[in-house]
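So the structure is just underneath, and the comments pick up after that.
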């Protein structure tokens with residue numbers, strides 16, 4: 001019988017710099033879920049201009065660079081232009097592929113967003129936090 005140890009590893013998903021106010025879409029950092037029960041993306045919203053069309057979704061795949069990325073059905077949400085300074089969470093239990101990422105679709109007006117990924121349910125007793133170098137994963141935005 002496999003026993004899951006409650007341990008969480010936090011990894012930047014969308015950095016504050018990449019998620020600065022803008023209208024371009026942001027593909028978050030690719031997160032390796034090997035050895036974990038699931039991942040929760042915690043997005044912190046900043047200023048959102050009235051009329052902004054913004055949404056968050058999770059993508060999954062088996063390629064380390066997510067060249068095979070596919071949207072996870074039912075794992076997306078629309079961000080209202082009145083959601084300034086709000087927090088949104090998307091949780092993916094038992095990912096269907098090894099690699100995942102958060103995608104922020106932005107259009108028409110500026111929306112500010114940053115996010116972290118919380119990997120949970122480690123199948124190992126000791127969870128090693130990523131180094132400062134690993135934690136500074138660049139994301140496009």
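Values in this text are rule-based calculations from the coordinates and carry no lab data. Fair warning: this is a prediction, and the values are worked out from it, not measured in the lab. Using ideal geometry, Cβ is built from the backbone for each residue, glycine included, and neighbour counts are taken over all protein chains shown.
On the beta carbon distance between residue 23 and residue 64, with R0 = 35 Å, the FRET formula returns roughly 0.75.
Here the residues 100, 11, 79, ranked from fewest to most Cβ neighbours within 10 Å of their Cβ, fall in the order 11, 79, 100.
Multiplying the residue separation of residue 34 and residue 94 by 0.36 nm and removing their Cα-Cα distance gives an extension gain of 20.6 nm.
Across all directions of projection, what mean area in square nanometres is found for the Cα convex hull of the range 8-120?
6.3 nm²
A Förster radius of 41 Å combined with the Cβ-Cβ distance from residue 78 to residue 123 puts the calculated FRET efficiency at roughly 0.75.
Taking other Cβ atoms within 10 Å as a rough exposure proxy, 120, 36 sort from fewest to most as 120, 36.
Extending 7 Å from the Cα toward the beta-carbon at both residue 50 and residue 85 defines two label points whose distance is 1.8 nm. Each residue in 41, 10, 92 was given a count of other beta-carbon atoms within 10 angstrom of its own, and listing them fewest first yields 10, 92, 41.
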